[in-house]
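What follows is a single structure, written as structure tokens, with notes after it.
The values are calculated or read from the model by the stated rules, or taken from the named source; none is laboratory data. Values in this document were obtained by computation on a predicted structure and should not be read as measured data. Counting neighbours? That spans all protein chains shown, and the Cβs are built from the backbone with ideal geometry, glycine included. The protein model used for the area step is the full one, side chains on, heavy atoms only, and it has no ligands, DNA or RNA in it. Shrake-Rupley method; radii C 1.70, N 1.55, O 1.52, S 1.80 Å.
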Amino acid sequence: MNRIFASINSVFILFLVSISFFACNDKKRDNTETTSDSTTVIESSKEVNVYSHRHYESDKNLFKQFEEQTGIKVNVVKASADELINKLEMEGQNSPADVLITVDAGRLYRAKSKDLLQPIESETLFTNIPSHLRDADNQWFGITKRARVIVYDKEKVKPEDFATYESLAAPKAKGNLLIRSSNNVYNQSLLASIIANSDEETAKKWAAGVVENMARTPKGGDRDQIKGIAAGEGTLAVTNTYYLAQMLNDTDEENVKAAQKVAIIFPNQDGRGTHINVSGAAVTKHAPNKENAIKLIEFLTSKEAQEVYVKEEMEYPVRTDVEMAQTLQEWGTFKEDKLNLSKLGENQEKAVIIFDEVKWK
């Protein structure tokens, strides 16, 4: 019954978002936008409509910078990735969306597989973004990068004992590992990367070993795993880098204290490298403002935009010419897995099946 109410609630939210968005578009058909102090004329061709899963203030500020530089108005609808993908499906060729922005390559792959995106040609994007961080058919492009790493209790763990993802499934980790649920897309992509780099049987053995080593039933987000170490619930955890970096630089003293109790390991430095993922952007299949959509994505991969992502959100840039935030500099450089991220989407369904088989809740 709870799932039914949750589903109804999700549809209702999308309905309200759609009403708001189309109301906004009705105003633009009149070529006017009313503000608190004036009425500004906006040409209908000078806009771009964004469906975004990202929820950061930095994104809002970047959209404002883009508007100031180009004169192109950015209209944003925010919702979860699944809601936005479902919305694009329902709207079909009548969708007003030009750009889809979401986190995790698996979700971008899902949108592509549902024929909701279109390929674009942009030398700027080809130059700014390494090939493994973008779709092979140019249907989506990474705009920020994050690594999924191991963190550990500095007082209780020897880091050399847990230098690989594989070590998390070893007996020495038993009863000490904190990790979020199998429903989490970051874990699904991590397991998908293991499938892609080895095979399904190896991945299944690893997942089963992780389940055996869990300190408690999975719950909460990445920050909660870090807080769990600080609270003594376990000594090892898996998290995305930016969560730890944000906690270390938080205004909340308790978050800072919790984050300071752990240290970071970039796994598999002597092998394939540390698993990475992206938040990414794509031009939707029926984008009414395709050229403006391309301009916006190009802007988000510009050096100035990448610096904002690094300094304000502690995400890694997709470009190689951007200075790192102080915390990221302190962690040093690391070898990253150069697996093309499309493989995460290709293997995500297999990962979900394996999670069910090993009873990873």
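Any residue in the range 75-89 that's farther than 16 Å from Ser279 by Cβ: show its pairings with residues that are aromatic (Phe, Trp, Tyr) at Cβ separation under 6 Å, as long as the two are six or more apart or on different chains.
Val77/Phe21; Val77/Tyr51
Are there helices (runs of 4 or more DSSP H) fully within the range 137-248 with at least 3 residues that are open to solvent by 50 Å² or more (accessible area, probe 1.4 Å) and not basic (Lys, Arg)? List them. Working first, answer last.
Working: elements: 185-197, 200-213, 222-230, 241-248.
Answer list for the range 137-248: 200-213.
So, in the range 298-319, of the ones that are free of Cβ contacts under 8 Å to residues at least 60 places away in the same chain and open to solvent by 50 Å² or more (accessible area, probe 1.4 Å), which residue ends up farthest from Tyr242 (Cα to Cα)?
Among them, the one singled out is Lys303.
Quick grid of which residues meet (1) farther than 17 Å from Ala196 by Cβ; (2) aromatic (Phe, Trp, Tyr); (3) in a helix (DSSP H, G or I):
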| position | (1), (2), (3) |
| --- | --- |
| Ala282 | yes, no, no |
| Glu307 | yes, no, yes |
| Glu312 | yes, no, yes |
| Met324 | yes, no, no |
| Asn340 | no, no, no |
| Asp356 | yes, no, yes |
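Looking at the range 250-263, is at least one residue within 28 Å of Ala97 (Cα to Cα) and not β-branched (Val, Ile, Thr)? Step through it out loud before you land on a result.
Going through the range 250-263, the residues within 28 Å of Ala97 (Cα to Cα) turn out to be none.
No, the conditions are met nowhere in the range 250-263.
Quick check on this structure: which one of Lys335, Lys295, Lys257 is touching a strand residue (DSSP E or B) at 6+ places or on another chain (Cβ under 8 Å) and surrounded by fewer than 17 Cβ atoms within 10 Å (Cβ to Cβ)?
Numbers: Lys295 fails: surrounded by fewer than 17 Cβ atoms within 10 Å (Cβ to Cβ); Lys257 fails: touching a strand residue (DSSP E or B) at 6+ places or on another chain (Cβ under 8 Å).
Result of the check over Lys335, Lys295, Lys257: Lys335.
Quick one: in the range 263-280, which of the residues that are in a strand (DSSP E or B), open to solvent by less than 10 Å² (accessible area, probe 1.4 Å) and not polar (S, T, N, Q) is farthest from Asp153 (Cα to Cα)?
The qualifying residue farthest from Asp153 (Cα to Cα) is Gly280.
Identify all residues within the range 288-328 that are of a type in the set (Lys, Arg) and more than 18 Å from the chain's Cα centre (by Cα); write none if there are none. Before the answer, list the steps.
In the first step, residues of the range 288-328 are kept if they are of a type in the set (Lys, Arg); the result is 290, 295, 303, 311, 319.
Lys290, Lys295, Lys303, listed by residue number.
Give me the pairs, please: first residue somewhere in the range 150-164 and in contact (Cβ under 8 Å) with a residue 12 or more places away in the chain, second residue anywhere and part of a helix (DSSP H, G or I) and among the hydrophobic types (A, V, I, L, M, F, W, C), beta-carbon distance under 6 Å, and either six or more positions apart or on two chains.
Final answer for the pair search is Ile150/Phe162; Asp153/Ile229.
Aliphatic (A, V, I, L, M), in contact with a Pro (Cβ under 7 Å, 6 or more places away or on another chain) and under 30 Å from Trp331 (Cα atoms): does that describe Ile129? Break it down into steps so the answer makes sense when it comes.
Numbers: aliphatic (A, V, I, L, M): yes; in contact with a Pro (Cβ under 7 Å, 6 or more places away or on another chain): no; under 30 Å from Trp331 (Cα atoms): yes.
Spelling it out, it is not the case that Ile129 is aliphatic (A, V, I, L, M), in contact with a Pro (Cβ under 7 Å, 6 or more places away or on another chain) and under 30 Å from Trp331 (Cα atoms).
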